[in-house]
Amino acid sequence: MTRKLKLKTRTHIITAILILIIAGLLYFTWRKYQWLHPPYSPEINSVLFMADDNRTELEKVLKHYSRDPADSLKLRAAEFLIVNMPGKYSLEYDAPFEDVMAVYMRWDDHEDWSEVEKIFGVGKNKLKEDVKYITAEYLINNIELSFKVWGEQPWGKNVPFDVFCEEILPYRVANEPLENWREKILESFSRQYRSFKENSEKTAVDACIVINNQLPRIKLMGRMPDMNYSMIMTTTRGMCTEMSALAVFAMRALGIPVAQENTPKWPGKNTGHTWNSVYDSAGRRFSFMGAEAVPGVPHIGSRMSKSKVYRQTYAIQNNIDIDIADIPPAMRNQCVKDVTEEYINAFVGTDRRKGKRVASDFLPIRRKSVVLDYHYIRNNGIVLDPLTEKEVGVEIPVKYPPDNNTGYAWLSIVGDKTWNITGWGTTDAKTIRFGTVGRNILYLPLFYRNGTQTVASYPFMVDNDDSIRIFEPDTANLWQLSVTNILPAEDSYSERMINGVIEGANRSDFSDATVLYTIKNANGAHFSTAKIRNTGRFRYVRYVSPEKSHCNVAEIVFYNDKGEKLGGKPIGTPGSNNNSNRTFDKALDGNISTFYDAMLPNDSWMGLDLGEAQTVSEVHYLPRNNGNGIYEGHTYELYCWSDTNWQFFNRQTVPLNLPLYFRIPTNALLYLKNTTTGKLGRWFTVNRNGKQEWI
């Protein structure tokens, strides 16, 4: 081989080696870059950008679970937590735990919270966004413990990954200060946890019952800040929100899939409610009230009528895709899922065995024995999809189109003298479509734009037969209406006057008393009349109550034989029940809203010293009541919903103890107000039989 050829060969070898070295360096550099900068999804990259200086902490979690293919499911869980982390934060004090608890123990007793914060030296509440403050160690520990309990509990194999992500995995419940609550709960309930693991037949519902029975009972106290597990256990203060949160902490730490359920507002009230549900091994759900009522036991959340029900989620749902300024404040929480159909008997069908129309059961359990033929119900407004067995929704025509349509309308229900928004729907120029709604509840569709809400259509209601009534008054057709109540009848106290007696006497100690009348009937909706047959003359007259009644009477009026009202000095058994101001004179003050509530349940009485002996020909009496009736001498105003608001319709004063009579439009929504007492009645309509139907 020539020298020239040898040099050429050596050059080729060196070049090849250099190429291999460079390629290797490039490969390992690329691999290292890939490990340091993995190809994250756009959603992950968006959160990492928001994290600023905390980006490295979030990336540590992702890299930790990217090393081993066996951790692929944990990586998906980590991605789920990070992608849905924006908007989640803690409100906490930079102060010792015992000082914060001292404030929380008396939180609801003070009007000026800032003064309490100042006195205890806890400073101001600070908002700490999770994306900017949470640590990799905290997230990894949370993920590891979540997977541990999911895998170890006998029911875990029946809990799908998506349910696990929402109802076991999340590291927080609301905006509470973060803590290592899982370790604390696993230690506190270690004996129960071991017993669950050792019993292969144990279900999530079984375990939920055991744990819920061992949670402390909460002393009801409103307006509490968001508290973590340790805070709730320390204070044992709060309302339904704290009770349900305590259950969520305890159950999830032990691998029991539990969620928070919420109805924003009750019909007729300005308050709502929060409770829980547990995911059963068979894929069903059972509702319960944390720290109070176990699954299978009725509670407020399962008993009360509800317009809408939402499940709190960790994932951002993006239910409403418009500018936040055009979303009512009550509907701005995007981490909720509409689960109304699980609580409302929404699907109407036929029981083939009995040939009857029935409604399927959701919570607490669906009846397996009933076979339903699902079908469309189009003519009355509710539409059911026969293939998916899902309710398409309630359709309402648009009556008052907005100037600028956002594509959304809002479902409101009648509260305490106001309309409360509880849901959303989609809309075009002609139709509003709402999802599943509760029956026998009055709704008003609204539009909302830049902080201003306007009426979209007339109020409506879904009846038990799934038909929709839209309350647009027909002024061309009038109906004669006899009104006896401004609220539903409530006679719970009327029976306390039954067998009471009216007596007359001429001695102040009533030692010569004569029974003038024995009461056999009483009604809190109106005065009753006692016709006195005795023509004798008496200086003292009184009402003597029957046993166990505390002499509960709202008003007694005595008349002479000329029909004149008798006056005199009030007399009666001194004192009142629980030392209230409900003394005997309250039954003689002309005010139907006040009443006598005697100190003793038996042998109490009240009456008049007439000053001289007189005849008593008639006595009008009214038991303790809720002011719901039509009372002599009181003035009432009737209002009718017309177009977009209540309109004054008529005013009447009751001359005698008679009903009110009005000629009203058919298909109208109405309410009566007692202007004498200022008491507002309950809204009502008139049914096919011409009777008041309360809403």
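The values are calculated or read from the model by the stated rules, or taken from the named source; none is laboratory data. Model, not experiment: these values are computed from the prediction. For accessibility, only protein heavy atoms count, side chains too; no ligands or nucleic acids. Shrake-Rupley method; radii C 1.70, N 1.55, O 1.52, S 1.80 Å.
What Rg and what Dmax come out for the range 541-630 when only alpha-carbon atoms are used, in angstroms?
My reading of the Cα-based Rg and Dmax gives 12.9, 40 Å.
To one decimal place, what Kirkwood hydrodynamic radius in Å is obtained for the range 557-695 from all pairs of distinct Cα atoms?
Over the range 557-695, the inverse of the mean reciprocal pair distance is 17.8 Å.
Over the chain, what is the mean sequence separation of C-alpha contacts under 8 Å (at least six apart), divided by residue count, expressed as relative contact order in percent?
Relative contact order for the chain comes out at 8 percent.
Dimensions of the range 474-575 along principal axes (Cα, Å, largest first)?
In descending order, the Cα extents are 64, 35, 23 Å.
Test of understanding: what is the full-extension gain from Glu137 to Ala315, defined as 0.36 nm times their sequence separation minus their Cα-Cα distance?
Here the answer is 61.9 nm.
Tell me, rounded to the nearest percent, the portion of alpha carbon pairs in the range 644-689 spaced more than 14 Å apart.
60
Taking all protein chains as present, what is the carbon and sulfur share of the accessible area of the chain, in % to the nearest whole number, probe 1.4 Å?
The nonpolar share, carbon plus sulfur, comes to 51 percent.
With a Cα-only, solvent-free Debye model of the range 243-289, what are the log10 I(q)/I(0) values at q = 0.16, 0.19, 0.20, 0.29 Å⁻¹?
-0.48, -0.62, -0.66, -1.02
At 1.4 Å probe size, with every protein chain present, just tell me what the per residue accessible area of the chain comes to in Å². Write down the numbers at each step before the final one.
Working: 33890 Å² over 695 residues.
Per residue, the chain has an accessible area of 49 Å².
Using 5 Å bins from zero, what percent of all Cα-Cα pairs in the range 66-156 falls into each bin?
Reading the bins upward from 0: 2, 11, 16, 15, 12, 12, 11, 10, 6, 4, 1, 0.
Just the accessible area for Met599, please: 1.4 Å probe, Å², rounded to the nearest 10?
It works out to around 100 Å².
Report the Cα-based extents of the range 215-264 along its three principal axes, largest first, to the nearest Å.
29, 28, 17
Enumerate the aspartates and glutamates that Lys417 could reach by cross-link, defined here as Cα to Cα under 14 Å, with residues fewer than 8 away along the same chain left out.
Counting by Cα, and skipping residues close in sequence, Lys417 has no aspartates and glutamates nearby.
Per the Kirkwood treatment, what hydrodynamic radius in Å, one decimal, follows for the range 131-283 from the mean inverse distance over all distinct Cα pairs? Walk me through the numbers on the way to the answer.
On the way: mean 1/r = 0.0622 Å⁻¹.
Its Kirkwood hydrodynamic radius stands at 16.1 Å.
Helices from the chain with mean Kyte-Doolittle at least -1.0 and a Cα length along the axis of 15 Å or more, per DSSP H: which?
Span-like helices, by this rule, are 3-36, 72-83, 136-152, 204-214, 240-253.
Go through Lys60/Lys124; Lys74/Lys197; Lys586/Lys691; Lys128/Lys184; Lys531/Lys679 and tell me which ones have a Cα-Cα distance over 28 Å in this structure.
In this structure, Lys60/Lys124; Lys586/Lys691; Lys531/Lys679 lie more than 28 Å apart at Cα.
I'd like the projected area of the range 420-534, averaged over all directions, using the convex hull of its alpha carbons. Report it in nm² with one decimal.
Spelled out: convex hull of the Cα atoms, projected over all directions, averaged, 15.1 nm².
For the chain, what does the equivalent ellipsoid look like in terms of its semi-axes, each the square root of 5 times an eigenvalue of the Cα gyration tensor, given largest first in whole Å?
So the three semi-axes of the chain are 67, 32, 24 Å.
If Asp597, Asp112 are ordered by their accessible area, calculated over protein heavy atoms with a 1.4 Å probe, which sequence runs from highest to lowest?
So the residues, ranked largest to smallest area, are Asp112, Asp597.
Quick one: Cα centre-to-centre distance for the range 151-189 and the range 602-660, in angstrom?
Cα centroid of the range 151-189 versus Cα centroid of the range 602-660: 59 Å apart.
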